[in-house]
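Below: the structure, in structure tokens.
Here, each number is a calculation from the coordinates, and none is a lab measurement. The structure presented is a predicted model; accordingly, all values stated were derived computationally and were not measured. Neighbour counts are summed over all protein chains in view; Cβ atoms, including those assigned to glycine, are modelled from backbone coordinates with ideal geometry.
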Amino acid sequence: MNFKFVLPVVAFVVLCFAPKMQTAKSEYYQDEFKPVIVSGIKAFNTEANKLNATAAAFAKGETTLKQLRQQLAQTRKVYKLSETWLEYYYPKHSKAYLNGAPLKHLDPYPVKEEYSNNNYYGVTPQEYSKDIPLDYLDTEHYRGEQRVIDPVGLQALDEMIFSDEAEASKDAILELTKKLTLAIPAVEASVNQRNFFYDFEIIEAARLELVRIFTMGVTGFDTPGSLNALPEAVSSIKGIEVIIAPLIQKAPAATNQKVNLLFKNAKAYLTTNNSFDNFDRLEFLTAHINPLYKELGKVQQSLKLPSSAQRWTKVPSWNAESDNIFSEDFLNPYYYSLLKKENDSDSLRQLGKKLFYDASLSKRGNMSCASCHKPELAFTDGQKTSLASVDGKRVLRNSPTLINSVFADKYFYDLRAVDLEDQAEHVIANHLEFNTSFKSIEDKLNNNAQYSKQFGLLFKTKNVSRHQFAAALSSYVLSLRSFNSAFDRFVQGKTKTISAQIRQGFNLFTGKAACATCHYTPTFSGLVPPLYQENESEVLGVFTNSNNTTKDNDPGRMLSGLAEDKEEIYRSSFKTVTVRNAKLTAPYFHNGGYATLEEVLDFYNRGGAAGMGFEYEVPNQTLAPDALNLSKKEIDAIIAFIESLTDNPY
């Protein structure tokens with residue numbers, strides 16, 4: 001038998017019919033949701049085809065740009081009505097084909113040319129991908145060389161159709177709308193094949209959609225061209241209302257009434273306050289999003305519904321038991337580390353702290369972790385780039401804060417380390433830093449009576465291992481987290497007032513200034529909501545310092561050592577780090593070239609290098625080159641807000 005042929009076909013059949021296999025009865029079985037979901041994807045498909053027809057007419061000169069924009073707005077609103085479940089059940093497909101960021105990216109489905117023209121697997125790649133959403137697709141069947149592709153989907157269309165070049169981009173617009181129509185049937189087929197949807201998943205999807213509305217909706221992330229963020233948020237909230245109606249009806253009467261009133265008030269607030277630049281996002285967060293998030297959590301508890309993490313026994317990145325997007329337990333630090341919660345302890349943490357400050361572990365005995373991460377500076381060192389362990393030398397980049405640094409899926413500015421433990425190895429092996437090895441450190445610890453005793457008591461073993469050392473150090477770094485700034489306490493309801501300047505600064509940060517489209521709340525880093533499982537990096541076009549226009553030549557992520565990063569789109573791309581505690585962490589950027597927050601804000605206000613006329617030097621800049629036109633008063637307000645995020649307890 002030719003297993004080379006049979007195995008891929010079997011995998012294909014399993015993937016196609018996996019949803020139909022969910023036939024077992026469950027206490028969480030619900031069939032009220034499927035009609036809403038089927039209707040929603042059908043409506044989206046219809047509007048996408050209308051958009052394609054309108055784009056075809058626009059290309060022929062048979063309709064106007066205004067009509068095309070109106071149809072795009074309508075299509076996007078219909079998408080938003082189903083976004084709750086689309087983003088929950090099909091996040092990869094949605095990001096890749098329906099509503100991903102309008103940036104060049106790696107093809108999630110690179111197809112070998114030789115498979116495009118034959119029936120090697122019994123089905124062509126085109127047929128294969130048409131029937132199965134990317135989330136369920138075994139892309140390895142047709143895997144070719146990685147390649148960079150142009151963006152597709154609603155965000156790309158929004159940026160293009162609402163640009164000044166729309167009239168000159170008729171063919172490109174038509175091609176994008178056609179690709180959108182081709183990406184929807186796979187989801188529609190999957191939805192139709194599925195027998196039912198779990199109620200605990202639907203309530204979880206609804207709460208995550210509230211997070212998405214605030215972090216990626218009203219900030220303008222989803223609408224880079226039109227800035228139709230507020231009317232779209234109304235559609236998103238309507239979509240949540242419709243999909244969870246069966247659950248709200250089963251909740252206690254008081255909860256039912258409160259949730260329905262909150263939905264009504266949120267929609268009214270968005271409709272009444274419809275100016276993107278003047279929208280009070282802080283008020284929207286504290287009076288509408290957070291209360292809804294909390295009350296839907298109460299609905300889940302009242303119906304005794306587990307979280308998906310509990311049901312499927314997984315370690316979650318997001319804590320379903322949290323009641324505020326800014327609460328200290330909103331994210332789960334143990335998702336991001338190899339260290340498990342049940343294996344952590346105060347004793348392990350204290351041992352890790354001792355290791356963190358121990359310079360004897362480095363080869364020359366002159367460098368500890370604290371050499372570059374000083375507690376009083378929010379675990380930075382105040383240097384442009386950190387001093388090396390070799391006299392007269394410096395390491396390549398600036399030292400980032402370690403507070404809340406655990407909340408990342410990759411570490412270092414170039415994202416080369418995949419976990420905290422891997423991060424430690426890079427520092428240990430670097431000839432400008434510890435310049436040693438795990439084996440050498442193991443020997444030192446085993447030959448130290450005090451360390452040997454401490455490790456032995458904790459791990460019940462005779463010899464200290466690399467794993468044990470990494471676990472202790474990770475425990476300490478993992479503990480360096482804080483959401484207790486003046487701003488946090490206000491949003492958490494622990495304090496009742498906040499200054500008008502800070503309020504203005506937050507609203508600018510999450511609105512007109514577009515800071516929050518890269519520095520997502522609540523971490524204010526590049527950890528992507530609503531699940532916070534992926535880190536973004538950006539090409540900003542940073543200069544060597546704020547006083548010149550000499551391009552910084554650090555290749556960044558492109559030379560991370562990871563195979564998928566060896567592309568031009570990642571040249572000079574760096575991790576989006578948090579702005580929390582930025583008051584304490586100057587100088588700024590990966591090269592430490594900007595001494596003050598005023599210099600940083602001026603750089604962004606001018607649109608980075610591309611905005612200052614250096615498009616040729618930074619062809620893949622991901623920062624929008626458009627000037628923000630922020631006044632000095634507005635810049636001062638943004639800085640006041642950033643400084644309100646200061647909460648270094650160490």
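Among ILE502, ILE642, PRO619, which residue has its Cα furthest toward the positive end of the charge dipole of region 486-643, with +1 on Lys/Arg Cβ and -1 on Asp/Glu Cβ? Result: ILE502. The calculated 222 nm mean residue ellipticity attributable to helices in the chain amounts to -14000 deg cm²/dmol, summing -39500 (n - 2.57) over DSSP H runs of n ≥ 4 and dividing by all residues. A simple rule links phi to the HN-Hα coupling: the Karplus curve 6.51 cos²θ - 1.76 cosθ + 1.60 with θ = phi - 60°, which for region 165-173 gives 9, 4, 4, 8, 10, 4, 5, 5, 5 Hz, with x for Gly and Pro.
Among the chymotrypsin sites (Phe, Trp or Tyr not before Pro) within region 437-492, not one is in coil by DSSP while having at most 15 neighbouring Cβ atoms inside 10 Å. In the chain, taking the dipole from charged Cβ atoms about the Cα centre, the farthest positive-side position among ASN332, PHE214, LEU174 is held by ASN332. Charged side chains reduced to their Cβ positions (Lys and Arg at +1, Asp and Glu at -1) give region 140-217 a dipole of some 280 debye around its Cα centre.
Which FRET efficiency value, to the nearest 0.05, do you get for THR63 and ASN629 by plugging their Cβ-Cβ distance into 1/(1 + (r/R0)^6) with R0 = 51 Å? With a Förster radius of 51 Å, E is 0.95. Looking at the chain, the pairs of alpha carbons with a distance over 40 Å make up 33% of the total. Short to long, the 10 Å bins of the Cα pair-distance histogram for region 336-479 hold 12, 44, 36, 9, 0 percent of all pairs. Remark: relative contact order (the chain) = 12 percent; criterion is Cα-Cα distance under 8 angstrom and separation of 6 or more residues. Qualifying GluC sites (Glu not before Pro) in region 479-578, where qualification requires a DSSP coil assignment and no more than 16 other C-beta atoms within 10 Å, comprise GLU534.
Scanning residues 5 or more positions from PHE543 or on other chains, those with amide H under 5 Å from its amide H are ASP552, with H placed 1.01 Å from N in the peptide plane. If you plug the beta carbon distance of THR549 and ASN274 into 1/(1 + (r/R0)^6) with R0 = 35 Å, you get a FRET efficiency near 0.35. For THR286, the shell of other residues with beta-carbons less than 15 Å away shows a net charge of +1, using +1 for Lys and Arg and -1 for Asp and Glu. For ASN99, the residues whose amide H sits under 5 Å from its own are LEU154, ignoring neighbours fewer than 5 places away on the same chain, with H placed 1.01 Å from N.
Take each peptide in 605-611, 354-360, count the other Cβ atoms within 10 Å of every residue, and average; sorted highest first, the result is 605-611, 354-360. Mind giving me the nanometre distance, one decimal, between the label points for ALA245 and ASN49, set 7 Å out from Cα along Cα→Cβ? Computed distance between label sites ALA245 and ASN49 equals 2.5 nm. Applied to region 579-584, the Karplus parametrisation 6.51 cos²θ - 1.76 cosθ + 1.60 on θ = phi - 60° returns per-residue 3J(HN,Hα) values of 9, 4, 6, 4, 4, 9 Hz, with x for Gly and Pro. Here the 3J(HN,Hα) profile of region 601-617, calculated from phi with Karplus coefficients 6.51, -1.76 and 1.60 at θ = phi - 60°, is 5, 4, 4, 5, 4, 9, x, x, 4, 4, x, 9, x, 10, 4, 5, 6 Hz, Gly and Pro shown as x.
Taking Cβ atoms as reference points and 13 Å as the exclusive limit, the residues near THR385 contribute a net charge of 0, counting Lys and Arg as +1 and Asp and Glu as -1. Each Lys and Arg adds +1 at its Cβ and each Asp and Glu adds -1 at its Cβ; summed about the Cα centre, region 486-643 shows a dipole of about 780 debye. Compute the separation of the alpha-carbon centres of region 160-184 and region 221-240 and state it in Å as a whole number. The distance from the Cα centre of region 160-184 to that of region 221-240 comes to 19 Å.
Within straight-line reach of LYS264, meaning a Cα separation under 23 Å, sit the following lysines at least 8 residues removed in sequence or on another chain: LYS77, LYS80, LYS238, LYS250, LYS294, LYS298. Less than 5 angstrom separates the built amide H of LYS374 from those of PHE379, THR380, ASP381, all sequence-distant by 5 or more or on a different chain. The lysine pair tally for region 486-643, using Cα distances under 30 Å and a gap of 8 or more places or different chains, is 23.
Counting only lysines at least 8 places from LYS354 when in the same chain, those with an alpha carbon closer than 23 Å to its own are LYS340, LYS341, LYS363, LYS374, LYS439, LYS444, LYS453, LYS460, LYS462. Counting beta carbons within 10 Å around each of THR64, THR380 and listing the fewest first gives the order THR64, THR380. Distance between the C-alpha centers of region 605-650 and region 323-391? Whole Å please. Here the two parts' Cα centres lie 29 Å apart.
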